[in-house]
Amino acid sequence: MKVAVAKHVVQAPADFTAFADRQATALGEVAAQGARIAVLPEYLSLELAATFDAGVRGDLHASLAAIQRYRDDWLALYARLARAFDLYIVAGTFLLAHAGGRYRNRCDVFTPQGAYAWQDKLQLTGFEKALGVMEGGDAVKVFDMDGVRAAVAVCYDSEFPLPVRAQAEAGARLLLVPSCTDTAAGATRVRVGCLARALENRMFVAQSVTAGEAAWSPALDINTGEAAIFAPMDRGLPDDGIVAQTADQAAWAIADLDVDALDRSRASAQVANDRDWPGQLQPALLRVRATAFEMP
């Protein structure tokens, strides 16, 4: 299965049509290269705040409220493009109004038939908590894509092992990570999280990123990192865990992933973190004791 992850340069579309046209061009390009899954970055919907006046686009709370009018158009756009390009589209995230004036950071996943499901971001970053209106999701999901079970971990969620482990134990072999970071440290944290999840679960991890600068936006003003696809660091796989990644001006990293071969590679694996996971859960290892030094 060929997977493409975006390094999406943030722009300021004049209207939804301009946004949609750019999405169609980008997704058409990777579909023409044989991609079956395309992963767009976190906070993609906030690019639509640029369609409003400076008072709205420069105020994140106002932007969150304003972009809700595009929700139906968003769903229709990616359903149409998924059908048109015979493509699974992981449509970044849409900051979606929820109950009680709160918002959830929702990743919509579209099938080539135009159906969709979603995964909400579970853990909030300090930035998201400080907004005072964001809330984390309350469900962990997996999705079947052409016989491959996949899961989504939105940005910060990739840094938490237990929900991803639950997805792996539910059969996920591919983790899809829409991300957005504004510092080199943030980009490193998500990248290390992706590498760790690949290693401990013996799965492929596909991370998309935002790029460039957008001074008009309080959330997308600075963007860092490279889009990449990761694998466990083991025999027959890349020593550094990097299957593919963007560099310089490249807009996509693309790789053909063989999940069956990954599973078969267990037989000759140097380590088996996924199978050895239960070993760390022995009751004796979960009770930490402070031990005094003794004289010999």
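Things worth noting here:
- The residues of segment 228-270 that are open to solvent by 80 Å² or more (accessible area, probe 1.4 Å), among the small types (Gly, Ala, Ser) and assigned to a loop (DSSP other than H, G, I, E, B) amount to a single one, Gly236.
So that you can scan it fast, the table gives a plain yes or no per residue for (1) touching an Asp or Glu at 6+ places or on another chain (Cβ under 9 Å); (2) of a type in the set (Ser, Thr, Tyr); (3) open to solvent by 10 Å² or more (accessible area, probe 1.4 Å); (4) within 23 Å of Asn273 (Cβ to Cβ):
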{"site": "Ala166", "(1), (2), (3), (4)": "no, no, yes, yes"}
{"site": "Glu169", "(1), (2), (3), (4)": "no, no, yes, yes"}
{"site": "Leu175", "(1), (2), (3), (4)": "no, no, no, yes"}
{"site": "Ala187", "(1), (2), (3), (4)": "yes, no, yes, no"}
{"site": "Arg191", "(1), (2), (3), (4)": "yes, no, yes, yes"}
{"site": "Asn201", "(1), (2), (3), (4)": "yes, no, no, yes"}
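- Pair list, Cβ < 6 Å and 6+ apart or interchain, from segment 119-131 residues that are among the aliphatic types (A, V, I, L, M) to residues that are in a loop (DSSP other than H, G, I, E, B): Leu122/Gly136; Leu122/Gly137; Leu124/Gly136
- Filter pass, Ala206 being open to solvent by less than 30 Å² (accessible area, probe 1.4 Å), in contact (Cβ under 8 Å) with a residue 60 or more places away in the chain, in contact with a helix residue (DSSP H, G or I) (Cβ under 9 Å, 6 or more places away or on another chain) and aliphatic (A, V, I, L, M): yes
- Scope segment 271-292; condition surrounded by 10 or more Cβ atoms within 10 Å (Cβ to Cβ) and either in a loop (DSSP other than H, G, I, E, B) or basic (Lys, Arg) (or both); matching residues: Val271, Ala272, Arg275
- Test: Ala91 is of a type in the set (A, V, I, L, M) and in contact (Cβ under 8 Å) with a residue 12 or more places away in the chain: yes
The values are calculated or read from the model by the stated rules, or taken from the named source; none is laboratory data. Quantities reported herein were computed from a predicted structural model and do not represent experimental measurements. Quick reminder, even Gly has a Cβ in these numbers, built from the backbone with ideal geometry, and neighbours come from all protein chains shown. Note: areas computed on protein heavy atoms with side chains; ligands, DNA, RNA excluded. Shrake-Rupley method; radii C 1.70, N 1.55, O 1.52, S 1.80 Å.
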